[in-house]
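Q: Submitted below is the structure of interest, expressed as structure tokens.
Read-outs throughout are calculated quantities, based only on the coordinates presented, and are distinct from any laboratory measurement. What you see is a predicted model; the values in this text were computed from it and never measured. With ideal geometry, Cβ positions are generated from the backbone for all residues, glycine too; neighbour counts draw on all protein chains shown.
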Amino acid sequence: MSGRTEDGDGHFEPDPSVGYGKPPKDTRFKKGASGNPHGRPKGSRNVAAVFAKTLREKVVINEHGQRKSITKLEAAIKQFVNKAAGGDLRALQMLVNLSREAETRELTPPERSMIAEVDQRIMEGIVRRFQPASQIEGEEANEKPGCE
């Protein structure tokens, strides 16, 4: 049980079948049984999912004497902008940085990822395999320099 065997004189000898990567047999997982039988409960969410859901929740605010329903994210941004407009220098600096970052993201086209280029080459190779041999030879001749 403890990785040792008794030798008859009352002395315990280490069990050779127990060691690094070989736990005692009685502590090993039983066949067919999971090491985490209950697992993660269904419906449990990670922090990012809970955060996103919370920001999408609606709240009712009074704006210019009228009740208005907006998301919590919109309400937080309104408060942030109002603080900056009220003279809070730290909020103003953060707002300027945030607006610059938003403009940069809006103006910058999404980059083509390296994976997309690799995928494109693979797809071209697959298409070439299915083309008739005469058509492939014609394309290769057109691609070689000095054949124009």
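Q: Evaluate the range 69-78: report whether one residue or more is surrounded by fewer than 12 Cβ atoms within 10 Å (Cβ to Cβ), of a type outside the set (Val, Ile, Thr), farther than 20 Å from Ser99 by Cβ and free of Cβ contacts under 8 Å to residues at least 60 places away in the same chain.
A: Scanning the range 69-78, I find at least one residue that is surrounded by fewer than 12 Cβ atoms within 10 Å (Cβ to Cβ), of a type outside the set (Val, Ile, Thr), farther than 20 Å from Ser99 by Cβ and free of Cβ contacts under 8 Å to residues at least 60 places away in the same chain, so the answer is yes.
Q: Taking into account only those residues within the range 19-68 that are small (Gly, Ala, Ser) and over 33 Å from the mean Cα position of the chain (by Cα), which is surrounded by the most Cβ atoms within 10 Å (Cβ to Cβ)?
A: Once the filter is applied, the top-ranked residue is Gly19.
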